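What follows is a set of notes on a single structure, which appears directly below.
Read-outs throughout are calculated quantities, based only on the coordinates presented, and are distinct from any laboratory measurement. Quick caveat: nothing in here was measured; it's all calculated off a predicted structure. All Cβ positions, even for glycine, are placed from backbone atoms using ideal geometry, and neighbour counts span all protein chains on display.
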Amino acid sequence: DAEITQSPRHKITETGRQVTLACHQTWNHNNMFWYRQDLGHGLRLIHYSYGVQDTNKGEVSDGYSVSRSNTEDLPLTLESAASSQTSVYFCASSPNGGSYNEQFFGPGTRLTVL
Amino acid sequence: RKEVEQDPGPFNVPEGATVAFNCTYSNSASQSFFWYRQDCRKEPKLLMSVYSSGNEDGRFTAQLNRASQYISLLIRDSKLSDSATYLCVVNRPGGGADGLTFGKGTHLIIQP
């Protein structure tokens with residue numbers, strides 16, 4: 001069955017380290033997204049991509065970067081992890097068609113920055 | 001007005017009861033509306049899309065009121081397994097594929 005996976009599921013790192021979170025989907029969706037979810041804030045969009053070689057900033061993109069070299073993967077990199085980036089990170093994908101389509105979410109990565 | 005606003009709850013409801021939540025949105029040009037369900041420490045999952053004419057899926061009914069800019073979710077004969085957080089999701093017109101705004105969620109607890 002087609003699916004969307006994230007790895008690692010849990011990560012503890014130290015301030016200043018570079019961290020990469022993986023997201024892989026097998027639906028062949030063009031659109032992929034990264035969100036963070038914190039208490040009191042709901043889901044906030046970090047970066048998104050409409051297709052290979054396309055990346056765009058979301059509302060909370062500072063300190064994060066993404067790259068899209070193929071359809072299936074959108075890794076999220078924290079260039080220099082900060083304690084404020086402790087959060088749960090969700091990757092999502094959606095088929096073509098703009099915002100009229102639902103997004104399918106991965107299981108999440110719980111990141112702790114010490 | 002915030003883009004998407006929900007009562008955070010928690011709503012404590014006895015098993016078998018009917019419960020309803022509303023969600024208000026600020027952009028009158030929004031065209032797509034969804035309810036997602038999120039269980040504790042899990043990913044959000046689509047519960048149902050919300051259509052202009054209203055729609056029903058088993059015990060769940062969603063309604064859209066464009067004039068007042070709110071959507072509602074009604075759960076009948078609630079089950080213990082309905083305990084979760086329900087996220088209201090609205091598209092931002094012209095926002096492209098990224099244009100979904102998520103509410104912060106309404107927490108529902110079904111009590112035996």
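Residues of the range A:18-41 that are at the interface with chain B (Cβ under 9 Å from one of its Cβ atoms), surrounded by fewer than 19 Cβ atoms within 10 Å (Cβ to Cβ) and assigned to a strand (DSSP E or B): none at all.
Residue-by-condition table, conditions (1) of a type in the set (Phe, Trp, Tyr); (2) over 22 Å from B:Cys40 (Cβ atoms):
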{"position": "A:Met32", "(1), (2)": "no, yes"}
{"position": "A:Arg44", "(1), (2)": "no, no"}
{"position": "A:His47", "(1), (2)": "no, yes"}
{"position": "A:Gly58", "(1), (2)": "no, yes"}
{"position": "A:Ser67", "(1), (2)": "no, yes"}
{"position": "A:Leu76", "(1), (2)": "no, yes"}
{"position": "A:Ala82", "(1), (2)": "no, yes"}
{"position": "A:Asn101", "(1), (2)": "no, yes"}
{"position": "A:Phe105", "(1), (2)": "yes, no"}
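Number of residues in the range B:1-50 that are over 16 Å from A:Gly42 (Cβ atoms) and β-branched (Val, Ile, Thr): the value is 4. Scanning the range A:62-114 for residues that are of a type in the set (A, V, I, L, M) and either within 30 Å of B:Val50 (Cβ to Cβ) or without any contact (Cβ under 8 Å) to a residue 60 or more places away in the chain (or both) yields A:Val66, A:Leu74, A:Leu76, A:Val88, A:Ala92.
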